[in-house]
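See structure below.
What follows draws every value from the coordinates through simple rules; no lab data is involved. This structure is a prediction, so every number in the text was calculated from the model and none was measured. Cβ placement follows ideal geometry from the backbone for every residue including glycine, while neighbour counts extend to all protein chains displayed.
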There are 2 protein chains.
Amino acid sequence: MITELADFSVQPDHHEAFGQALAQGVATVLSKAEGYLGHEILASQETRGRWVLLVRWSTLEAHTVGFRESSAFAEWRALIGPYFAQPPRVEHFDLTDASR
Amino acid sequence: MITELADFSVQPDHHEAFGQALAQGVATVLSKAEGYLGHEILASQETRGRWVLLVRWSTLEAHTVGFRESSAFAEWRALIGPYFAQPPRVEHFDLTDASR
């Protein structure tokens, strides 16, 4: 299991609309992808227009190959891409310690 | 409930040592704080020296006032601060959507 962390920046006045696009994109596209295990959408309290999406994938390749090279990726980007104020910063992480 | 996201950057050759300091600091200091509800520690696969700490707090003030103004905060920073290559980026988030 790996965790994708995507850090998005949109114009402040698109804050709510982007949050809705993100939730819609996850519900209708991302969550249907092979290897998708779960997600969290986080809205910054300090920086209007900053959103963080955490996605748990079964493997790194489920995201970087399976999803990104699928036609679903174009649908996903069509929903959220128009809001980007700059390219999102996306990296993959290992969960080394947790308590819930 | 709010989520703190702290994005840390340390020298690449301090990557493992910092991960250990972070886990130790959470176990011995942060997790004892009033209002602490849970955490995740994430290590970047792409950027050696990048770590992300997610902390769930009961309220914003539990972190910004209760913890940061306590003597425990000095202990916490003594454990992890010496590794910082630059000041961590710390913000607070609302969880707007999730599936686990």
What share of Cα pairs, in percent, lie more than 12 angstrom apart in the stretch A:49-100? 74
Exam field: B:LYS32 pseudo-label spacings to other copies (7 Å along Cα-Cβ), nanometres: 5.1
Computed E for B:GLU34/A:GLN86 - FRET, C-beta separation, R0 41 angstrom, nearest 0.05: 0.65
What is chain A's relative contact order, in percent, from Cα pairs under 8 angstrom and six or more apart in sequence? 47
Which percent of Cα-Cα pairs in the stretch A:2-93 sits in each 10 Å bin, short to long? 17, 54, 26, 3
Report, to two decimal places, the Cα Rg of the protein assembly as shown normalised by 2.2 N^0.38 Å (N = number of residues). 1.03
For the stretch B:29-70 and the stretch A:80-100, what is the separation of their Cα centres, given in Å? 17
Could you state the orientation-averaged shadow area of the convex hull built on the Cα atoms of the stretch B:12-64, in nm² to one decimal? 3.8
One decimal, nm, shortest first: give the distances between the label point of B:THR96 and those of the same position in the other copies, each label point 7 Å from Cα along Cα→Cβ. 3.1
To the nearest 10 degrees, how steeply does helix A:71-80 sit against the main Cα axis of chain A, on a 0 to 90 scale? 30
